[in-house]
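Written below as structure tokens is the structure these notes are about.
Every read-out reported here was derived from the displayed coordinates using simple, explicitly stated rules and does not represent laboratory data. The structure presented is a predicted model; accordingly, all values stated were derived computationally and were not measured. No Cβ is skipped: glycine too gets one built from the backbone with ideal geometry, and neighbour counts run over all protein chains shown.
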Amino acid sequence: MVPSMKHDLTPREVEVVRLISLGCTTAEAGKILGVSTPTADTHRTNAMNKLGVAKMALVTRWAIKLGIAKLNDSLTLAEKRKRGRKKDGWN
């Protein structure tokens, strides 16, 4: 297990990064968290700026490296219901 590294992300940015790393779109992350898509997008953008990344794939790598998400993580049942996506084989 990799120990968690320090980061300057807000709790909400951490939530958005975790959801994105689990395959959610920004709109789905907003639905799950009960915020608008533009608000979720702002949290995603701020997190990406703080992490110094410009690609979504790197957000996932940082989420794992920082201990925000694990390789065997998945969405909770409540998160899956809120997301609204049909079973697609991913989470």
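Worth pointing out:
- For region 11-72, radius of gyration divided by Kirkwood radius, i.e. Rg to Rh on alpha-carbons: 0.93
- Mean separation of Cα contacts under 8 Å, 6 or more apart, over the residue count of region 1-76: relative contact order %: 42 percent
- Note on T39 and M56: the model spin-label points, each 7 Å out from Cα along the C-beta direction, lie 2.2 nm apart.
- Here region 39-81 is scanned for amide nitrogen atoms under 20 Å from the site 7 Å beyond the Cα of K6 along Cα-to-Cβ, giving 47-53, 62-69.
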